[in-house]
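Visitor: I'd like to ask you about the structure that follows.
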Amino acid sequence: MNKTIITCGTSLLTNNFKDRGIIYDFSNCAEETLPCDKKALVDGCVSGTMDKLSAADNASLAKSSAELNTLISYYGDLSAARGEFYFLHTDTYFGKCVAEFYASFLKKRFGAECQAKRVPGLRTDSYENFNRGLSALYSDEFLKLYKNPSGKVIFVLSGGFKSWSGYMQSIGMFYADEILYQFESGAHLVSIPKIPVKLDLNEKAEKGLRLIEKE
């Protein structure tokens with residue numbers, strides 16, 4: 001069974017939210033720091049989008065976000081999607097909402113095995129938070145996620161901060177069998193070639209690849 005790892009951005013919200021300014025102004029807020037009135041608006045948008053897409057065809061789903069556009073381009077039809085899907089999201093309320101939406105939507109409508117997964121500390125409100133988030137991507141928890149002895153590992157990097165996607169691309173060069181990217185409204189799927197090098201490290205050496213945070 002394949003394992004597909006998807007980095008999540010906010011295109012789902014920006015494409016379905018009336019007041020995009022809220023997204024731009026509060027995109028780095030964790031759940032506990034997002035004002036209650038803004039949280040209610042985001043929750044309403046997510047709920048309305050779920051209703052809107054519950055019976056949408058592939059063309060409409062592809063237009064709704066960069067992540068769905070890429071998955072549909074790859075599988076042709078989401079009903080053909082098989083394996084495990086992990087939706088990685090920033091340590092923000094918007095990121096959590098988007099990733100949980102995808103996981104719930106694909107599970108309910110297509111029966112896919114899905115999970116939303118937070119990257120601890122990953123926000124762009126400070127260098128310290130962003131670096132902490134990147135470091136988490138090489139924790140034991142995430143290193144296990146990149147391995148799949150029973151099938152392929154596929155990275156879908158169309159969503160998320162560009163700096164984060166770039167880092168995930170570097171990880172994917174060693175761990176993924178396929179790395180996919182597609183512009184939000186683009187019609188062509190891009191498969192990023194791997195570095196022609198096999199990574200064969202013991203556990204100690206593998207952990208040594210982690211980022212060292214600056215004091």
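Visitor: When both residues are 6+ apart or on different chains and their Cβ atoms are under 7 Å apart, which pairs have a first residue that lies in segment 153-178 and is free of Cβ contacts under 8 Å to residues at least 40 places away in the same chain, and a second that is part of a helix (DSSP H, G or I) and polar (S, T, N, Q)?
Guide: none
Visitor: I'm trying to understand the selection: among the residues of segment 161-212, which are at pLDDT 75 or above, hydroxyl-bearing (Ser, Thr, Tyr) and open to solvent by 40 Å² or more (accessible area, probe 1.4 Å)?
Guide: Passing the criteria: 163, 167, 170, 181, 191.
Visitor: Right, another one. I need the full set of residues from segment 1-53 which are within 19 Å of the chain's Cα centre (by Cα) and among the basic types (Lys, Arg), in order please.
Guide: 3
Visitor: On to the next question. Testing residue 99 on (1) open to solvent by less than 10 Å² (accessible area, probe 1.4 Å); (2) more than 14 Å from the chain's Cα centre (by Cα); (3) aliphatic (A, V, I, L, M), one condition comes back false. Which one is that?
Guide: So the condition that residue 99 fails would be (2).
Visitor: Restricting attention to strands (runs of 3 or more DSSP E) lying wholly within segment 66-177, give those where 3 or more residues are among the hydrophobic types (A, V, I, L, M, F, W, C).
Guide: Answer list for segment 66-177: 84-89, 153-156.
Visitor: May I pose another question? Determine, yes or no, whether residue 146 is modelled with pLDDT of 90 or more and open to solvent by less than 30 Å² (accessible area, probe 1.4 Å).
Guide: Yes, satisfied.
Visitor: Further question on the same structure: Which one of 92, 33 is more than 21 Å from residue 163 (Cβ to Cβ) and among the polar types (S, T, N, Q)?
Guide: That would be 33, the only listed residue that is more than 21 Å from residue 163 (Cβ to Cβ) and among the polar types (S, T, N, Q).
Visitor: Here's a follow-up. Any idea how many residues of segment 16-48 are hydroxyl-bearing (Ser, Thr, Tyr) and either at pLDDT below 85 or open to solvent by less than 60 Å² (accessible area, probe 1.4 Å) (or both)?
Guide: Summing the residues that are hydroxyl-bearing (Ser, Thr, Tyr) and either at pLDDT below 85 or open to solvent by less than 60 Å² (accessible area, probe 1.4 Å) (or both) in segment 16-48 gives 2.
Visitor: Which ones in segment 49-82 are open to solvent by 10 Å² or more (accessible area, probe 1.4 Å) and in contact with a Phe, Trp or Tyr (Cβ under 7 Å, 6 or more places away or on another chain)?
Guide: If the condition is that a residue be open to solvent by 10 Å² or more (accessible area, probe 1.4 Å) and in contact with a Phe, Trp or Tyr (Cβ under 7 Å, 6 or more places away or on another chain), then 50, 79 are the ones that fit.
Visitor: Within segment 1-52, can you find the residues that are under 18 Å from residue 64 (Cβ atoms), in a helix (DSSP H, G or I) and of a type in the set (Ser, Thr, Tyr)?
Guide: 11, 14, 47, 49
Visitor: What pairs can you find where one residue is in segment 117-134 and aromatic (Phe, Trp, Tyr), the other is surrounded by fewer than 18 Cβ atoms within 10 Å (Cβ to Cβ), and their Cβ atoms are less than 7 Å apart, with a gap of 6+ or different chains?
Guide: As it stands, the answer is 130/124, since those pairs meet every condition given.
Visitor: When segment 115-138 is examined, which residues are found to be open to solvent by 30 Å² or more (accessible area, probe 1.4 Å) and more than 21 Å from residue 39 (Cβ to Cβ)?
Guide: Scanning segment 115-138 gives 115, 126, 127, 128, 130, 132.
The values are calculated or read from the model by the stated rules, or taken from the named source; none is laboratory data. No experiment lies behind these values; they were computed from the predicted model shown. Quick reminder, even Gly has a Cβ in these numbers, built from the backbone with ideal geometry, and neighbours come from all protein chains shown. To get the accessible areas, we keep the full protein, side chains included, count just its heavy atoms, and leave off ligands, DNA and RNA. Shrake-Rupley method; radii C 1.70, N 1.55, O 1.52, S 1.80 Å.
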